[in-house]
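The values are calculated or read from the model by the stated rules, or taken from the named source; none is laboratory data. Just so we're clear, the structure is a prediction, and the values are computed from it rather than from any experiment. Cβ placement follows ideal geometry from the backbone for every residue including glycine, while neighbour counts extend to all protein chains displayed. These area figures cover heavy atoms from the full protein model, side chains too; ligands, DNA and RNA do not enter into them. Shrake-Rupley method; radii C 1.70, N 1.55, O 1.52, S 1.80 Å.
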Amino acid sequence: MKGVFIFLADGFEDIEALATRDILKRGDIDVRTVSIREDKKVTSARCITVLADMTLGSLLEAEDGKPCTAQDMLIFPGGMPGSKNLGACRELIGLMNRHYSLGGSVAAICAAPNLVLSQLDGIGTATVTRYDGCEDLLVAKGAVTVNRPAVTSGRIITGRGPGHSIDFGLEILKMLAGKETAAKVAAAVTLPCDC
């Protein structure tokens, strides 16, 4: 699937989804939010209802199956039960695996690395971070877990949790638009950047 998409399920972590989107928009990335339900309205873990740009059904209808580049990104925020809902969506997991096999990148934060990316064909020996205590499925697949705000391992980016959402967004932006753009956005939100 060509493009940059953030997938939302009821119970998504507000900060992880919206701060990531904000950072990417500040870096001039065309990022779209996708509801995994037929309804574009999605309710966060903090009971805030947002209107997604599109539904998973409409995205799947538009899927072209053409080769992707590392700049084509599928992003999975954490939160509970949001991560569990994402991981249980067979159509989404199928899309993620097709996207990755065609050369695209994936990113997940908090509980989503464990509940979503653990189902990625090729997670193998990737180095990932995740919310503390949410690593059993990743470790069982052979992934190496570390305690860092955000980690890039090939075409896989992971973030630790809500407090590291901006670091996660900047790590994605660095892959999509380069270190210079990520550093400019970090400076604009008055954060130091290890870009």
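Brief remarks on what is shown
- Lone qualifier among Gly133, Gly124, Gly103, Gly94 - being open to solvent by 50 Å² or more (accessible area, probe 1.4 Å), free of Cβ contacts under 8 Å to residues at least 60 places away in the same chain and more than 14 Å from the chain's Cα centre (by Cα): Gly133
- The number of residues in region 45-64 that are among the acidic types (Asp, Glu), surrounded by 11 or more Cβ atoms within 10 Å (Cβ to Cβ) and free of Cβ contacts under 8 Å to residues at least 24 places away in the same chain comes to 1.
- Residue in region 71-83 that is farther than 17 Å from Ala45 by Cβ and touching a Leu at 6+ places or on another chain (Cβ under 6 Å) present: yes
- Pick from region 3-44, criterion farther than 17 Å from Leu92 by Cβ and of a type in the set (Lys, Arg), ranking: least open to solvent (accessible area, probe 1.4 Å): Arg21
- Taken over region 142-171, the criterion of being under 18 Å from Leu120 (Cα atoms), in contact (Cβ under 8 Å) with a residue 24 or more places away in the chain and among the β-branched types (Val, Ile, Thr) is satisfied by Val151, Ile156, Ile157, Thr158.
- Residue within region 73-84 that is touching a His at 6+ places or on another chain (Cβ under 7 Å) and either at positive phi or modelled with pLDDT of 95 or more (or both) present: yes
- Candidates Leu95, Leu18, filtered to the one that is closer than 25 Å to Glu171 by Cα and touching a helix residue (DSSP H, G or I) at 6+ places or on another chain (Cβ under 8 Å): Leu95
- Any hit, region 177-185, residues being outside any helix (DSSP H, G or I), on the phi > 0 side of the Ramachandran plot and at pLDDT below 95: no
- Candidates Ser35, Ser58: the one that is of a type in the set (S, T, N, Q) and out of contact with any Ser or Thr (no Cβ under 6 Å at 6 or more places or on another chain) is Ser58.
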